[in-house]
Each structure stands twice: as structure tokens, then as C-alpha cells.
1. Enter the mean projected area of the convex hull around the alpha-carbon atoms of region 229-272, in nm², rounded to one decimal.
2. Once both labels are modelled 7 Å past Cα along the beta-carbon direction, what's the residue 3-residue 205 spacing in nm?
3. What is the chain's relative contact order, in percent, from Cα pairs under 8 angstrom and six or more apart in sequence?
4. Restricting to Cα atoms and excluding each atom paired with itself, what does the Kirkwood estimate give for region 123-253 in Å?
5. With N set to the residue count of region 181-226, report its C-alpha Rg divided by 2.2 N^0.38 Å to two decimal places.
6. Need one number: convex hull volume per residue for region 107-191, Cα atoms only, in Å³.
7. When the C-alpha atoms of region 2-250 are aligned to their principal axes, what extent does each axis show, in angstrom, from largest down?
8. Using alpha-carbon positions, what is the distance between the centroids of region 194-272 and region 11-39, in Å?
């Protein structure tokens, strides 16, 4: 895994079958179809983190919840398109609460890969289904996963599965090769008065001029070091870009209580 240590990422084509991708996509769309918002809307936007600091989002660590795209709404609050075309993410315990997502997340191939990456006593921390809808989805700014899922020592690894072809036009991932060497720049932490804030922990910066696109055919797995800066641009094409992400931590690393994602004692993290 010298390439992962050097670059901070791996691109593994055909890691999962097209059939497995289709099954996961169909299940996600079924979950969306069954979802009744009942007036409860939480908007996901990395440009406006304060809008995420609500009970619905912060309480999703042990649930399956649905988040609308910011551009999905008209000025009067009504959806521009159907509910099915307006939700951009589902999280964050799909891997534990849905049987199909659990089996997809706990294959022997993925378990072997995690072991080869050197993650000791791995625990599946959080999962997220990303719909990346056509025409209305905004960009995700350059960030490090360990900003949001901090561990001591830092041992977070992200697994990004392309369930549809991910190309530049529909918002594929962009990464800074070797950018994980800059160290952690900030943390997103809970505050006593409620909500979240960014806490600066490093003095470096992202050199976004070095961003390169990772176009990924359907079935590709992209592995991301927790410190690797990455982003995705807006999808202004007519094609969706569905993806599934899973984050794993080592069983012995400390997971602070001021991380946004928390679970109750009766639902501890599980491994493979």
C-alpha cells in the first residue's frame, strides 16, 4: 500500500459488480420513495455549516435520515422538483440498519482491503448515500474527512463507491495527491450552547491548484486517507452521479465526545 501512503488515495476499478451497484441504487430509491418528510427538512450544504446544526442532523448517527439539496427549493419553500429528485443525501447508519447496505458494507473483499491498509480492529463508523442529482446539486468544498470524523490517533479511512459513472461533467471527486501531508487543519466540534463550530488546529492550507479529477467508472472504489483534501464540483449535467460512502476507524483509537456524529450506548459501533 505504498501508493496509498504516498498519495493519500487509491482508485480500484471494478471493485464491486454492476449488479451490486444497481441493487444498492434501487434500494436507496425505494427508501427515498417511502420517506415522508412531514414538514421536517434539513438542508445539507458544506458552504453553510450552521444550517446543519439542528437536532435532525446531529441525531442521525444511529438512524437513516434524509437531507435535501439547498438548491431544491423555490423562494416560497416549495420543492422545484419531485421529492425523489430533490434529496441529495441519506445517512448515517445505513450500514447497520438496512440489511442490503450492511451486506454491501461488509464483504470479505472490503474486509481484506481494510486489513491491508493497516486499520487495526476496524469499526464501521458512518455511511452515506449520495444521490448527486442532475442540474440542482451544488459543489462540495475542499475538505478533509478527519475534520468531521476526528480520532486520536488519526486513522479514519473513507471508501467512496461509484454506483454510476462519475465524470467531470457530473461532479466526480477531485483530490490533491499527497495533500494529506499538510496535517489536520480544522475540526468541526459540538459546542456547549448547542450547534457546531469550526476549530482551527493547523496552520497550513490547501493548495487547490494541485487538485486533479478522479473520473471513476461504475463499480470503482476510491479509498481516501482521512487527511486527504478532496472536493466535488456542481453537477450541472443531465446525468445523476450516485455514490455510496463508508468510513472506518481503528478499534483502539479515541473518538471524542465533541465530534458531531455520536451514537447512544445501546448501539455501539460494529466491525465486519
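1. Averaging across all directions leaves 5.7 nm² for the Cα convex hull.
2. 3.2 nm
3. Rounded, it is 29 percent for the chain.
4. 15.5 Å
5. 1.66
6. Cα convex hull per residue, to the nearest whole number: 154 Å³.
7. 50, 45, 34
8. With region 194-272 and region 11-39 each reduced to a Cα centre, they are spaced 19 Å.
Since every read-out is calculated from the coordinates, none of them should be taken as a lab result. Everything numeric here is computed off the predicted structure, so don't read it as measured data. Here Cβ is always computed from backbone atoms with ideal geometry, including for glycine, and neighbour counts include all displayed protein chains.
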